[in-house]
Amino acid sequence: MLIFDFDGTLADSNGIWVEVDDIFLARRGLKATPEYNEMIGHSIFPIAAQLTRDYFHLDERTEDIMAEWLSLSREAYAAQVSLKPGAAEFLEKCARAGEDMVLFTACVPELCQTALDRFGLTKHFQQLVYAQDLGLEKRDPRAFPLLLEQLGVEGARCVLFDDSPAACRAAQAAGVAAVGVHDSFYAAYEEEMRTFCDRYIMGFSELL
């Protein structure tokens, strides 16, 4: 079974979240720090909102923070976000080969579904699994065992495609092979990912 991440893996969308963070913080006279970016990268919405509230000592409800983020990102996912080169073609190739495919993403369900429908990709996936619905970040050591249990499949039968080094490590700990996918958001980790991922690709065109 092939397991795909969405943001930064199939979609060139991590930059959207950098922009959303910058706008959100600028409205409050604040700026993101490398430490903050590392903390919330690929976090699920509720955890990211709480981390943001605590890190910047904001006197706002997490619900209001998430609502503002959604307001800033909806248009981007509906019209601006693009797929990574070769991503659609690779999914088509896997579908023709009869591969079982699952999406496992920290993306907000509403936003991800909007983009998947826009690109016509929903049909390729047997299941769409949202980390937010599991209540766990993908880097949480409990996330992949729970995913495998939900899918009813052994880790040794699965391959993950993900741009996040932490998600790749968490998958491997659960017995899942990990293919690291290059993205500029995690470019500083490329050398490290090449040492521990089962394979590292600069893009899906390499697999066509």
**Study point:** Residues (more than 20 Å from Gln113 (Cα to Cα) and among the hydrophobic types (A, V, I, L, M, F, W, C)) located in the stretch 49-77
**Key:** Ala49, Leu51, Phe56, Leu58, Ile65
Review point. From the list Leu51, Leu111, Leu70, which one is in contact (Cβ under 8 Å) with a residue 40 or more places away in the chain, in a helix (DSSP H, G or I) and touching a helix residue (DSSP H, G or I) at 6+ places or on another chain (Cβ under 6 Å)?
Key: Leu111
Practice item. List every residue pair whose Cβ atoms sit under 7 Å apart, with the two residues 6 or more apart in sequence or on different chains, where the first one lies in the stretch 77-99 and is closer than 14 Å to Glu206 by Cβ and the second, anywhere, is open to solvent by 60 Å² or more (accessible area, probe 1.4 Å). Key: Lys84/Asp12; Pro85/Ser205; Gly86/Ser205; Gly86/Leu208; Glu89/Leu208; Phe90/Leu208; Lys93/Leu208
Revision key, fill the gap. Ser43 passes all but one of the listed conditions (1) among the polar types (S, T, N, Q); (2) more than 20 Å from Cys168 (Cα to Cα); (3) not in a helix (DSSP H, G or I); the exception is number (2)
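Report those helices (runs of 4 or more DSSP H) wholly inside the stretch 135-208 carrying at least 3 residues which are open to solvent by 70 Å² or more (accessible area, probe 1.4 Å).
Details: elements: 143-151, 165-173, 190-196.
Passing ranges, in order: 190-196.
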Point to revise | Subset tally (residues that are within 24 Å of Ala143 (Cβ to Cβ) and open to solvent by less than 40 Å² (accessible area, probe 1.4 Å)) for the stretch 14-41 | key: 7
Review point. Given the conditions (1) among the β-branched types (Val, Ile, Thr); (2) assigned to a strand (DSSP E or B); (3) open to solvent by 40 Å² or more (accessible area, probe 1.4 Å), and given that Ile3 satisfies all but one, which numbered condition is not satisfied?
Key: (3)
Practice item. Determine the pairs where a residue that is free of Cβ contacts under 8 Å to residues at least 12 places away in the same chain and over 18 Å from Ala115 (Cα atoms), located within the stretch 1-26, has a partner that is open to solvent by 10 Å² or more (accessible area, probe 1.4 Å) and part of a loop (DSSP other than H, G, I, E, B) with Cβ atoms under 7 Å apart, the partner being 6 or more residues away or on another chain. Key: Asp22/Ala32
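Yes/no matrix, rows are residues, columns are (1) touching a Pro at 6+ places or on another chain (Cβ under 9 Å); (2) over 13 Å from Thr9 (Cβ atoms); (3) modelled with pLDDT of 95 or more; (4) not hydroxyl-bearing (Ser, Thr, Tyr):
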residue: Leu134; (1), (2), (3), (4): no, yes, no, yes
residue: Leu146; (1), (2), (3), (4): no, yes, yes, yes
residue: Glu154; (1), (2), (3), (4): no, yes, yes, yes
residue: Phe161; (1), (2), (3), (4): no, no, yes, yes
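The values are calculated or read from the model by the stated rules, or taken from the named source; none is laboratory data. Everything numeric in this text was worked out from a predicted model, so none of it was measured. No Cβ is skipped: glycine too gets one built from the backbone with ideal geometry, and neighbour counts run over all protein chains shown. The area values use the complete protein model at the heavy-atom level, side chains included, leaving out ligands, DNA and RNA. Shrake-Rupley method; radii C 1.70, N 1.55, O 1.52, S 1.80 Å.
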